[in-house]
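Worksheet: one structure, shown below.
The values are calculated or read from the model by the stated rules, or taken from the named source; none is laboratory data. Remember, it's a predicted structure, so these values are computed and weren't measured experimentally. With ideal geometry, Cβ positions are generated from the backbone for all residues, glycine too; neighbour counts draw on all protein chains shown. These area figures cover heavy atoms from the full protein model, side chains too; ligands, DNA and RNA do not enter into them. Shrake-Rupley method; radii C 1.70, N 1.55, O 1.52, S 1.80 Å.
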Amino acid sequence: MEMNQIRYFLAVCQHRNFTHAASASNVSQPSLTTAIKKLEHELGGDLFVRDRAGCRLTALGKLMQPRLQKVHDETQAAKAEAVRHTRLERVPISVGVGETIGHNRISAAVERFRTRLPQAEIELIVASASKLLAGLREGEFDVVVTAATVSEDLYRIDQLYDESYKVVVSKSHPLSERDAISLSTLAETDMLDRLNCEMRDALHGACADQGLELYAAYRSNRVDWLVELARQGLGAVILPTTAIPADRGLVSIPIDGPEISRTVSALRYRHQTTRPETNDLIREIARV
C-alpha cells in the first residue's frame, strides 16, 4: 500500500467524483483510477460504486475510510515532526498569509517576536485561501492568517482582529475630497474588482438591497495591480484597512452605509501538534 493510493482514495471520498478528485490532487484521472484499482486489489474488494451522480463508498470503503484517514494524518504529522527535529538548532515557523492580509501588522508582530526569540526563523508565504488551507493540512504551514471561513471541526481558530473596508482612490480622483462614499455613489463609479475577494458577496448584496449594481471597469486577482490602477486614477478599489498601502498618492475613504467588515483569524490544523513558539507568535499578531 502506497501513500499516494491512500491520498487519492481520500480525495475521492471527499469529492465523490473521480474527475474532481484527480483535479484536486493534481494528477491525471487515469493515474488516480489506476492507483485506486491497485488499492482495491490489495484490500480484496471494491471501495467505490460509480453511478451517474459520481460515486459512493461500498461497505468496504466505509470501513477503510477512517482507518486510512488516520494513516494519512499520522504520516503527515510524522513528516512535520521529522523536519522540525532536524532543525532543532533554530526555531523555524512557516506562516501562510492570505492575499489581502495587510503586511504592516504582520511584519511588526514578527519583528517584536524575533526581538524576544532571535533564533526564530520566520517564513511568510502569501497565497490564495484554498492553497493555504491545503498547505496547512499537509503540514507545510504551522499557522495560516486569513479571513476565510472554515470549519471548527478541522481547524483551531484564534480571532486576531476585526477591520473594516474602505474605498481607495488616487488624490486626483473626483471622490478623493469626500468624507464618506455612499453605495449609490459607488454604483456610478468605475470600480476595480478583485476576483475571489472575501467581501465581494457582502458588498454586492448590500448594493442589490438598494437596487444598485457596481460596474467593474477592471478586474484582477492581484491587489498590487488594482492599487496601481487606482494610483493612476482609473477607478476605485475597496480594501480592508490593513491592506491599504501608505502611499501619498492614494486616499482611503469610509463607506457610508451598511458596515462591511471582516474578522482575521489564525488557523491551525487540529491534527497537527502546535509548538509553544507558534502560540507566542499568534498572541503577538493579536496584540493591538
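Under a plain spin-label model, where a point goes 7 Å from the Cα along Cα-to-Cβ, how far apart in nm are Asp280 and Asp153? Between Asp280 and Asp153, the label points sit 3.6 nm apart. By accessible area, using a 1.4 Å probe on protein heavy atoms only, the chain has 48% of its surface on carbon and sulfur. 3J(HN,Hα) along segment 18-35, derived from phi through the Karplus expression 6.51 cos²θ - 1.76 cosθ + 1.60 where θ = phi - 60°, amounts to 5, 5, 5, 5, 5, 5, 5, 8, 6, 9, 6, 4, x, 5, 5, 4, 4, 5 Hz, with x in place of Gly and Pro. Rounded, prolate or oblate for the chain? Axes are the square roots of the Cα gyration tensor eigenvalues, ordered a ≥ b ≥ c, and the cut-off for rounded is a/c under 1.5. Because a/c hits 1.5 or more and a/b fails to exceed b/c, the chain counts as oblate. By a straight-distance test (C-alpha under 18 Å), which aspartates and glutamates pair with Lys37 as possible cross-link partners, with residues fewer than eight away in the same chain excluded? Filter leaves Glu2, Asp46, Asp51.
If R0 is 51 Å, what FRET efficiency do you get for Asp209 and Thr34 from their C-beta distance, rounded to 0.05? All intermediate terms of the calculation are to be shown ahead of the outcome.
Details: r = 51 Å, r/R0 = 1.01.
For R0 = 51 Å, the calculated efficiency reads 0.50.
Accessible surface computed residue by residue for the chain, with neighbouring protein chains in place and a 1.4 Å probe, gives 55 Å² per residue.
Taking a ≥ b ≥ c as the square roots of the eigenvalues of the Cα gyration tensor of segment 171-242, is the shape rounded (a/c under 1.5), prolate (a/b larger than b/c) or oblate?
oblate
Ranking Ile125, Ile260 from most to least accessible surface, computed with a 1.4 Å probe over the protein chains only, gives Ile125, Ile260. Sites listed here are GluC sites (Glu not before Pro) in segment 199-288 whose DSSP assignment is loop and whose Cβ has at most 11 other Cβ atoms within 10 Å: Glu213, Glu259.
Lys and Arg at +1, Asp and Glu at -1: add these up for the other residues within a Cβ distance under 13 Å of Pro30 and post the number. After counting each charged neighbour, the total is +2.
For segment 101-154, a/c is not less than 1.5, where a ≥ b ≥ c are the root eigenvalues of the C-alpha gyration tensor, and a/b tops b/c. That puts it in the prolate class. Measuring nothing but how far apart in sequence close Cα pairs (under 8 Å, 6+ apart) lie, relative to its length, segment 1-78 scores a relative contact order of 31 percent.
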